[in-house]
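The structure appears right after this line, and notes come after that.
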Amino acid sequence: YSGITPNSDGINDSWIIENVEVYASNQVAIYNRLGNLVWEADNYDNVNTVWDGDNLSGGDLPPDTYFYIFQSDEGVEKGWIELTR
């Protein structure tokens, strides 16, 4: 899905990448509208490595549209995520 609402209500609190387990070796990068890297991780797995609207320092990012690049051995996927608080 393309939206998260990280407010600790247990619904859409983090970004879940469907079938990510198929791509065990992957890299995820999240960028703001200005193209600045705001979060990144290797081996995203929806459990231990998951984006929940925080920045590289662990602080909350403001509500906005963010852009992702997902890279795996299968190729590159790009898109957007709407963060709402």
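No lab work stands behind these numbers, since they all come straight from the coordinates. This is a predicted model, so every value here is computed, not measured. Note: ideal-geometry Cβ built from the backbone for every residue, glycine included; neighbour counts use all protein chains shown.
Give a quick list of GluC sites (Glu not before Pro) in segment 13-58 that DSSP marks as loop, anything other than H, G, I, E or B, with at most 13 other Cβ atoms within 10 Å.
Working: sites: Glu18, Glu21, Glu40; in loops: Glu18.
Sites meeting the loop and neighbour criteria: Glu18.
May I ask you to derive the relative contact order of the chain, considering only C-alpha pairs under 8 Å and at least 6 residues apart, and to give it as an integer percent? Before the final figure, lay out each step's value.
Details: 169 pairs, mean separation 27.7, N = 85.
That works out to 33 percent.
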